[in-house]
1. Would you list the P(r) distribution for the chain, with all Cα-Cα distances sorted into 5 Å bins from 0 and each bin expressed as a whole %?
2. Might you work out the accessible area of Val24 for me, using a 1.4 Å probe with all protein chains in place, and round it to the nearest 10 Å²?
3. Compute the distance in nm between two label points, each set 7 Å from the Cα along the Cα-to-Cβ direction, one at Lys10 and one at Thr43.
4. With a 1.4 Å probe and every protein chain left in place, work out the accessible area per residue of the stretch 13-90 in Å², rounded to a whole number.
5. Figure the gain on full extension for Met3 and Lys63 (residue separation times 0.36 nm, minus the Cα-Cα span) and round it to one decimal in nm.
6. May I ask for the distance between the Cα centers of the stretch 25-46 and the stretch 68-93, given as a whole number of Å?
7. Could you list the trypsin sites (Lys or Arg not before Pro) in the stretch 1-71 that lie in coil according to DSSP, counting only those with at most 12 other Cβ atoms within 10 Å of their Cβ?
8. Of the accessible area of the chain, with the probe set at 1.4 angstrom, what percent is carbon plus sulfur?
Amino acid sequence: MKMQFWSKTKAGQWAAGLTLAFIVLMAIKMTALGATIRLPLPTPALAVLGVIGFIMGLIAVIKHKDRALLTLLSIPVGLVIILWTLAEIAFPH
């Protein structure tokens, strides 16, 4: 079975797009480039992008049987965001 890189379903495309946007914007925000380019989005707003991508990825995989690589990538990224948020709530610092 040959795996696709980009999804053919709308839900999979949204999942991949939102997840890639989250990854790129967080990378910009966390590097030295973030000091030069001030992003108007706070980190929780970026996390919401990742969580919505996670939900769309689950819909694409479960409902539409989507197996594209970027769609599947949205699931572990979303889980990390959710677990990180729960850990921050449970163990504040």
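The values are calculated or read from the model by the stated rules, or taken from the named source; none is laboratory data. In this text, all values refer to a predicted model and were calculated from it rather than measured experimentally. Note that we place each Cβ from the backbone using ideal geometry, even for glycine, and neighbour counts take in every protein chain shown. The accessibility values were calculated without ligands, DNA or RNA, using every heavy atom of the protein model including side chains. Shrake-Rupley method; radii C 1.70, N 1.55, O 1.52, S 1.80 Å.
1. 3, 15, 22, 19, 16, 13, 7, 3, 1, 0
2. Roll a 1.4 Å probe over it and Val24 shows about 80 Å².
3. Taking the two extended label points, one gets 3.5 nm.
4. Details: 4700 Å² over 78 residues.
In whole numbers, the stretch 13-90 has 60 Å² accessible per residue.
5. Computed gain between Met3 and Lys63 is 19.8 nm.
6. The two parts, judged by their Cα centres, are 18 Å apart.
7. Filter output for the stretch 1-71: Lys2, Lys8, Arg38, Lys63, Lys65.
8. Carbon and sulfur: 77 percent of the exposed surface of the chain.
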